[in-house]
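The block underneath contains the structure these notes are about, expressed in structure tokens.
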Amino acid sequence: YCAILKHISEAKFLLCLYWIGLELDTGNGHVLVVSQVSANAVPPTSSDTSSQTVDLWQPVSPSSIGLTTVVDIHVPRSSCQPFLLSLQEAGIEYEILISDLQRQIEKQTDITPSRQRRSNLLYSYEVYHSLDEIQNWMYQMNKTHSRLIYLFSIGKSFEGRPLFVLQLGKRSRPLKRAVWIDCGIHAREWIGPAFCQWFVKEAVQTYHSDPMMRRLLNQLYFYIMPVFNVDGYHYSWTTDRFWRKTRSNHTNLSCHGVDANRNWNVKWCSEGASLHPCADTYCGPLPESEPEVKAVADFLRKHKKRIKAYISFHAYSQMLLYPYSYKYAVIPNFKCVESAAYNAVKALYSAYGIKYKHGPASSTLYISSGSSIDWAYKHGIPYAFAFELRDTGYYGFLLPESLIKPTCTETILAVKNITNRILQKCP
Ligand SMILES: [Zn+2]
């Protein structure tokens with residue numbers, strides 16, 4: 001029963017996993033078992049890793065699994081029993097976190113009129129919104145807050161959708177310093193777009209009452225892209241809740257999509273990225289092959305002199321990460337960046353006592369090449385951060401709507417803390 005995932009990198013330890021194959025595509029009726037496996041690793045044997053592997057939630061790539069890695073795995077109902085048996089036989093500890101996946105998914109997209117999803121006046125920031133709803137919301141915000149908000153598009157997605165960005169900040173001389181914020185590079189991480197919307201709402205609502213917010217919006221522009229990977233996000237609403245990649249198709253294979261956080265031109269497609277189009281961490285046929293990545297990279301290149309911070313929102317694992325992702329090395333302005341991260345995490349903790357780890361992405365999360373923060377940093381943006389928002393795996397990507405408000409409330413504190421700092425200079 002037990003197939004071994006071959007470790008692509010030089011690491012010595014493999015996790016014993018049941019070969020799920022293409023059953024993952026069969027749609028409904030899965031029981032989700034997210035197993036937190038304290039990897040009592042199994043000696044390597046040769047095996048075939050050619051096409052589909054299991055649906056790894058955390059870490060996303062089997063090459064990141066080491067001896068002590070805790071792993072979250074999504075297993076379809078049909079493979080569940082043999083999978084658990086194989087874990088037991090291998091002496092690997094596990095815990096079932098979500099046993100009724102389908103119900104959890106339905107809970108998240110349950111549309112009832114009383115929740116005021118579609119009303120523009122009473123737009124609810126405490127539910128997840130579809131792409132259409134988010135785009136309508138952007139039009140409305142642009143219309144009703146024209147002194148602080150300006151909506152524009154930086155290009156088109158693979159499937160032809162506009163890539164909208166909101167410029168947030170008091171309209172004044174054009175060359176204010178700026179902060180770039182994107183959410184939803186990875187489609188299934190729904191809390192990201194929810195946070196971007198929350199941030200915009202909070203900014204316009206507290207502009208007059210909060211001196212710090214007023215200072216930030218007066219002295220800076222925030223460029224906010226609520227849904228980076230629009231095609232993937234839409235697909236995660238209509239077809240596959242756990243879709244991660246874009247929806248492009250560069251090969252004859254039936255596998256779609258590129259990991260938009262492995263497609264940037266910095267150490268492109270080396271460690272922590274896959275050359276296989278079916279992999280969840282596929283780096284694409286070449287750097288910036290994805291129109292979404294190219295559009296953002298073009299914008300950042302054009303404005304890099306003004307952009308002092310790049311902040312990208314992901315989920316999950318409660319971390320605040322900075323470069324490098326692709327290597328274990330200390331960045332030149334480590335002192336400034338580390339102190340910014342330390343204080344941001346402290347500010348976040350002050351709201352509800354939620355603990356975030358912080359540090360270089362390589363050593364805090366795992367090695368990944370072609371990531372957006374490494375690219376932004378290499379292009380001269382001194383503060384480049386990636387947030388991994390709540391939680392640590394209890395709900396995983398299915399963070400309930402009831403936790404949107406506390407998650408966003410605490411995260412805003414961290415973002416304000418970071419951006420307030422860029423008004424000072426980092427040597
Ligand atoms: Zn992500």
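Where a number appears in this text, it was derived from the coordinates with a stated rule and is not lab data. Fair warning: this is a prediction, and the values are worked out from it, not measured in the lab. Using ideal geometry, Cβ is built from the backbone for each residue, glycine included, and neighbour counts are taken over all protein chains shown.
A few notes on this one:
- Gain on full stretching of the segment that runs from residue 210 to residue 339 - 0.36 nm per residue minus C-alpha separation: 44.0 nm
- Proxy reagent accessibility, fewest Cβ within 10 Å first, across 183, 278: 278, 183
- What the phi angles of the range 166-177 give under the Karplus curve with 6.51, -1.76 and 1.60, with θ = phi - 60°, is a coupling list of 9, 8, 10, x, 4, 5, 8, 3, x, 9, 5, 5 Hz, glycine and proline written as x.
- Sequence-distant residues sharing a close amide H with residue 307 (under 5 Å, placed H): 178
- Karplus (6.51, -1.76, 1.60) ³J(HN,Hα), θ = phi - 60°, over the range 70-76, in Hz, Gly and Pro reported as x: 8, 10, 9, 10, 9, 10, x
- Note on the range 151-280: Cα-Cα pairs beyond 25 Å make up 36% of the total pair count.
- Residue by residue, the range 215-229 carries 3J(HN,Hα) couplings of 4, 4, 6, 6, 9, 10, 9, 9, 9, 10, 10, x, 10, 5, 9 Hz when phi is fed to the Karplus relation 6.51 cos²θ - 1.76 cosθ + 1.60 (θ = phi - 60°); x denotes Gly or Pro.
- Separation of the residue 423 and residue 159 label points, Cα + 7 Å toward Cβ, nm: 4.1 nm
- If the segment from residue 170 to residue 252 were pulled out straight at 0.36 nm per residue, it would be longer than the present Cα-Cα gap by 24.7 nm.
- Gain on full stretching of the segment that runs from residue 103 to residue 125 - 0.36 nm per residue minus C-alpha separation: 5.7 nm
- Cα gyration tensor shape for the range 117-423, rounded if a/c is under 1.5, else prolate or oblate: rounded
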